[in-house]
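The values are calculated or read from the model by the stated rules, or taken from the named source; none is laboratory data. Remember, predicted model here, so these are calculated numbers, not experimental data. Here the Cβ is made from the backbone with ideal geometry for all residues, glycine too, and neighbour counts use every protein chain on show.
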Protein chains: 4
Amino acid sequence: MEIRIESDSRIPIYAQIEDQVRAMIAAGQLRPGNQLPTIRQLAAELRINYNTVAHAYMELDRAGVITTQRGRGTFVAELLDKAEMAQLRDRQLCGILRASLKEANRLGYSTDEVAAAFHRELSRWLRENETSEEE
Amino acid sequence: MEIRIESDSRIPIYAQIEDQVRAMIAAGQLRPGNQLPTIRQLAAELRINYNTVAHAYMELDRAGVITTQRGRGTFVAELLDKAEMAQLRDRQLCGILRASLKEANRLGYSTDEVAAAFHRELSRWLRENETSEEE
Amino acid sequence: MEIRIESDSRIPIYAQIEDQVRAMIAAGQLRPGNQLPTIRQLAAELRINYNTVAHAYMELDRAGVITTQRGRGTFVAELLDKAEMAQLRDRQLCGILRASLKEANRLGYSTDEVAAAFHRELSRWLRENETSEEE
Amino acid sequence: MEIRIESDSRIPIYAQIEDQVRAMIAAGQLRPGNQLPTIRQLAAELRINYNTVAHAYMELDRAGVITTQRGRGTFVAELLDKAEMAQLRDRQLCGILRASLKEANRLGYSTDEVAAAFHRELSRWLRENETSEEE
DNA sequence: GTGGTCTAGACCACG
DNA sequence: GTGGTCTAGACCACG
């Protein structure tokens, strides 16, 4: 499982782990029933503390995204079917975008300004990522 | 001056104030030379701590956006010409959008997904705001 | 032997097994001298770890409820007469009820509240179980 | 705030705190807007670790029972009106009782047995608590 | 070996 | 002073 932590981010490490696990499940990279790395494994891999990973897993468990089986490990919850996962993924992405639109709104930008900036930034981003995805 | 604080946001209150003051200046709602409310006034109005407002003003002062004149009050800096303000405004908006694109990237969304979601959410947002801006 | 495990319960699996074996003996579903499934059988049937079943059997053995005969298997203890079994059964049930009363106490509910809730919930439960027991 | 911890209980300390805070709110001992003791205060009072209390508060916050105000402290959520609180209280008590009935069910006790035991244990408990409440 | 809980203590942002 | 996060490390029940 490839998780990347940005240690200078405002978002706490445990929340970064949560987000990425959700995204990987939603993307089908982690499928229902798949075992997640053990807390100790992931902590070692990311060079972070055991408790930080445990915190992330506990919250994912509570949210029903993963299930914990005593003494055996942690697994992606079985409940989610494909449609549900696609929905999950979609909601996460929408959430991010809406948050930025809401923020722009709060700061009093006009619809025209936002629309223009959106298109410009998206184009720039697509250009940047074409390159990096080909690597 | 109408500032709205979201107390459940992850963004610190002082940063919310800074963002909004910058936006109001950039939008021309606050013009060079205009006086800002005193720290005490704004703190009372927003029902937040004196130090929180002081923190926001101090950073805006450091950034040269406002100037503090001892015993007289706080004013929008005279330095900024129109071009500078437009630039300021633009940078802020870009920052918001780029942050959301970076986030989407981090969570492993494909460029196609992001582009599609961007257009969809922007359209939705434009529709919502047509109505509300006519009020 | 029909044992049902609730994997999301706070009660450890081995304790769930113990409880249910005791209950079955007390209820006369398992009689003195009856053979219990082997540890391996039960573990396979319940899809749980061998050691978990072994733990439950070991404790039941220590308590004198079952006897283990090397190479032959595990059997319900002969010692228990009817009165003893009735007592066993009663104690178990009392334990459950007292635990819930103690919990209510801990959380500061008044005797009136508890008494009222007890009667209401018991009535509800009796109604539910009339139906299901006729099946 | 009077919270009692049973350190030999199966229930984790943080969960005991959560339960009791909920109960106190539901009982009206803690009212909407009331400030809870700070994490440090409660930890000192109960002679437990800062983090254990923080864990309990974090979960109560997430559940919307309390709200955390940065740098100021933690308060009972305002949302809850009297009816809601009574409901909360009722649900908690029901939950306890139903869990014990479900447990009895699982262990194969007949409705008659359970009904008899319920009345007997409730009477015993009422007798015990008459005395102790007069103290 | 696996997750769960707790302690002790640190540093931080925020107010 | 207040809560939030993280580390380091321990012990435990469970499997």
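Would you be able to say whether some residue in the range D:44-55 is touching a Pro at 6+ places or on another chain (Cβ under 6 Å), away from chain C (no Cβ under 14 Å) and of a type outside the set (Ser, Thr, Tyr)? Checking the range D:44-55: not a single residue is touching a Pro at 6+ places or on another chain (Cβ under 6 Å), away from chain C (no Cβ under 14 Å) and of a type outside the set (Ser, Thr, Tyr).
I want to confirm something. Restricting to the range D:3-29 and keeping residues that are over 18 Å from D:Ala43 (Cβ atoms) and away from DNA strand E (no atom under 16 Å from the Cβ), which single residue is nearest to the other protein chains (Cβ to nearest Cβ)? Among them, the one singled out is D:Ala23.
Residue by residue, here is whether (1) under 21 Å from C:Ser110 (Cβ atoms); (2) within 18 Å of the chain's Cα centre (by Cα) holds:
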site	(1), (2)
D:Ile13	no, yes
D:Ala23	yes, yes
D:Ala27	yes, yes
D:Gln41	no, no
D:Thr52	no, yes
D:Asp61	no, yes
D:Asp90	yes, yes
D:Ala99	yes, yes
D:Ala116	no, no
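Of the residues making up the range D:26-45, those that are touching a strand residue (DSSP E or B) at 6+ places or on another chain (Cβ under 7 Å) and more than 16 Å from DNA strand F (Cβ to nearest atom) are D:Arg31, D:Pro32.
If you check B:Thr38, B:Thr52 for being of a type in the set (Ser, Thr, Tyr) and either over 30 Å from A:Arg98 (Cα atoms) or modelled with pLDDT under 90 (or both), only one passes: B:Thr38. If you scan the range A:7-17, which residues turn out to be within 10 Å of DNA strand F (Cβ to nearest atom) and either of a type outside the set (Phe, Trp, Tyr) or modelled with pLDDT under 90 (or both)? Within the range A:7-17, A:Ser7, A:Ser9, A:Arg10, A:Ile11, A:Pro12, A:Ile13, A:Ala15, A:Gln16, A:Ile17 meet the criteria.
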